[in-house]
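Notes follow once the structure below has been shown.
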Amino acid sequence: SISSLSYRAKAVGVHKCNGASGGTVFSMFLLETGIIILLSLILVAFLLLNFREMIEEMLEVRLTSLFALGRIWVPLSVIGILFLIGGVIPGRMFSRIPVSQVFRHYTEGKKGWKRPLLFIQFLGVAFICGLMCVIMAQYHYVLSKDTGYDARRIATSDIYFESDSERDAARQFFRGLPYVEDVESASYPPCIGMSGMRILNESGQSLFSSRYCVETENYPKMMGMTMKEGRMARERNEAVVNETFAKTMRWGDDVVGRIVHQGNTGLGDLRVVGVLKDFHTASFYVSQQPLIVRCGRFGGSIHVRLKEPFAENLRRLNTEAATAFPTKTVDFYSLEFEMQDAYGVVRVFRDATILAAVVMFFVMLMGLIGYTTDEVRRRSKEIAIRKVNGAESSTILEMLSRDVLWVATPAVIMGTIGSWYVNGIWMDLFAIQVPLGWPVYVLVGIANLLIITVCVIWKAWRIANENPVQSIKSE
């Protein structure tokens, strides 16, 4: 907008020569800016309405509260600043300048002040693109990575029973439902995390804290967990440990039959009767933890594997279970959705980064197109003279591209390095990280430079292939 003012000076001079007053010129600028801002606000309203849920999730606030009376000054201030820069200042400037001065002081725009702005745009796009690629890759990685158990079509709810007869009746009820494949129970769903148990040495000193869970005998089989050796615990003083537990205790391959001394005095020592292959407890924010499992009675966190269609059968399960257990709170939910919810913050950050990348990309394109258009217009006669003296179209395109790449290359390198640094800090939140290396950042940088070069060539193609006589003869 600012760079176009010098080119609009002659048009304003012509208006004044034909009788336009200062007020007419001023109102012309205000009307033009007002129409552009109005169209922008209509587009903003359309985007807000259609992406309302995503925006509210990202901001964690209702959309209507953003435009409450106490905050309405923020968007109004933005609109006011845009109107002032785009309409009031240039309109007032041209309405007060005499027509003779407009023609006399008309000069070609210089590019010195544009390059720093272009540098910032290139840097910002490279930074946000590097950030976006890694965040998207990490989010997909933690959702698709094998956890060591099968959460598909599993519905779970916390229901506690007071007597053995009540437990048996509940188990029979769930197994009798035609859309239920299997039902078992545990203390906690594996993705939520489990309580701790202090593991002691023979002298009673604390060694470490292990995760601890009570499960029905067939729970590991239903969940697709693998028993590496031995069997599931059946008695009160029996236990099953995972591979990490055995490694932490430095038992080697001789695990079954070992005695575990633990801090719960009511249970006493536990004898290991089996080893579970490691499955990930909690989320991938934490590393693999040692686990000890005992056999328990039916109840607590009920796990039901449903047949397809899962969503419909989940609704039926909640309805029929609530009717069967009217004195208990029944709320079955998808275990897969619960696992995804653990990474809700990552999903919101990913969506916000994608949105920022799209916005930054279009801002960069607008800046680059404006800069290239100005340069082509400013150097049109120079380009024509070069062509008269034998320069090929490819030479002209190379010259203009090189001029932009001198700005773009260091900006993209700095932006990519910045994204690498920030990604490193962010990835420290995860114990399990997607295996990405420096080639990803190299590809991001190359892709940015390629898009910039293509954009410059596209805008300069016409002038590079135009008859030089057209540029030289035109005023």
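The values are calculated or read from the model by the stated rules, or taken from the named source; none is laboratory data. Just so you know, these numbers come straight off a predicted model, no measurement behind them. For neighbour counting, all protein chains shown are included, and Cβ atoms are generated from backbone atoms with ideal geometry for every residue, glycine included.
Among (1) buried (at least 21 other Cβ atoms within 10 Å of the Cβ); (2) within 29 Å of Val345 (Cα to Cα), which single condition is Arg305 missing?
The one condition Arg305 does not meet is (1).
So, restricting to helices (runs of 4 or more DSSP H) that lie completely within the stretch 304-405, which ones have at least 2 residues that are closer than 26 Å to His140 by Cα?
Passing ranges, in order: 310-324, 335-341, 344-378.
Just checking, does the stretch 42-51 include any residue being without any contact (Cβ under 8 Å) to a residue 60 or more places away in the chain and under 16 Å from Gly87 (Cβ atoms)?
No, the stretch 42-51 contains no residue that is without any contact (Cβ under 8 Å) to a residue 60 or more places away in the chain and under 16 Å from Gly87 (Cβ atoms).
Just to be sure before I move on: is Lys459 among the charged types (D, E, K, R), under 24 Å from Phe361 (Cα atoms) and in contact (Cβ under 8 Å) with a residue 12 or more places away in the chain in the structure I sent?
Considered against the rule, which asks whether it is among the charged types (D, E, K, R), under 24 Å from Phe361 (Cα atoms) and in contact (Cβ under 8 Å) with a residue 12 or more places away in the chain, Lys459 comes out as yes.
Check off (1) part of a helix (DSSP H, G or I); (2) modelled with pLDDT under 90 for Thr107 and give me the number that stays unchecked.
Result: Thr107 passes all but (1).
Would you confirm whether any residue within the stretch 366-387 is within 15 Å of Asn465 (Cβ to Cβ), surrounded by fewer than 19 Cβ atoms within 10 Å (Cβ to Cβ) and in the same structural domain as Cys133 (by TED's automatic domain parsing)?
Yes - at least one qualifying residue is present in the stretch 366-387.
Just to be sure, is His261 in contact with a Phe, Trp or Tyr (Cβ under 8 Å, 6 or more places away or on another chain) and outside the structural domain of Leu123 (by TED's automatic domain parsing)?
It is false that His261 is in contact with a Phe, Trp or Tyr (Cβ under 8 Å, 6 or more places away or on another chain) and outside the structural domain of Leu123 (by TED's automatic domain parsing).
Of all residues in the stretch 270-319, which are more than 17 Å from Ser210 (Cα to Cα), touching a helix residue (DSSP H, G or I) at 6+ places or on another chain (Cβ under 7 Å) and of a type in the set (Lys, Arg)?
Once the filter is applied, which keeps residues that are more than 17 Å from Ser210 (Cα to Cα), touching a helix residue (DSSP H, G or I) at 6+ places or on another chain (Cβ under 7 Å) and of a type in the set (Lys, Arg), the stretch 270-319 yields Arg297, Arg305, Lys307.
Pairs, please: C-beta under 7 Å, at least 6 apart or cross-chain, first residue in the same structural domain as Cys17 (by TED's automatic domain parsing) and at pLDDT 75 or above and in the stretch 86-102, second surrounded by fewer than 19 Cβ atoms within 10 Å (Cβ to Cβ) and not in a helix (DSSP H, G or I)?
As it stands, the answer is Gly86/Ser1, since those pairs meet every condition given.
Which ones in the stretch 209-244 are assigned to a strand (DSSP E or B) and buried (at least 18 other Cβ atoms within 10 Å of the Cβ)?
Once the filter is applied, which keeps residues that are assigned to a strand (DSSP E or B) and buried (at least 18 other Cβ atoms within 10 Å of the Cβ), the stretch 209-244 yields Ser210, Arg211, Tyr212, Cys213, Val214, Glu215, Glu238, Ala239, Val240, Val241, Asn242.
Tell me which of these Leu436 doesn't satisfy, since it passes every other one: (1) within 24 Å of Gly124 (Cα to Cα); (2) of a type outside the set (Val, Ile, Thr); (3) in a helix (DSSP H, G or I).
(3)
Out of the stretch 136-186, which residues are aromatic (Phe, Trp, Tyr) and either part of a helix (DSSP H, G or I) or under 21 Å from Gly296 (Cα atoms) (or both)?
The answer is Tyr139, Tyr141, Tyr149, Tyr160, Phe161, Phe173, Phe174.
For the stretch 190-216, which positions are in contact (Cβ under 8 Å) with a residue 60 or more places away in the chain, closer than 13 Å to Pro290 by Cβ and among the hydrophobic types (A, V, I, L, M, F, W, C)?
Correct list: Met194, Met197, Ile199, Phe208, Cys213.
Would you mind finding the one in Ser210, Ser165 that is closer than 20 Å to Asn264 by Cβ, out of contact with any Asp or Glu (no Cβ under 8 Å at 6 or more places or on another chain) and modelled with pLDDT of 90 or more?
Checking each option against the conditions leaves just Ser210.
Give me the residue from the stretch 17-72 that is of a type in the set (Gly, Ala, Ser), over 31 Å from the mean Cα position of the chain (by Cα) and not in a helix (DSSP H, G or I) and, out of that set, surrounded by the fewest Cβ atoms within 10 Å (Cβ to Cβ).
Only one residue tops the list, namely Gly19.
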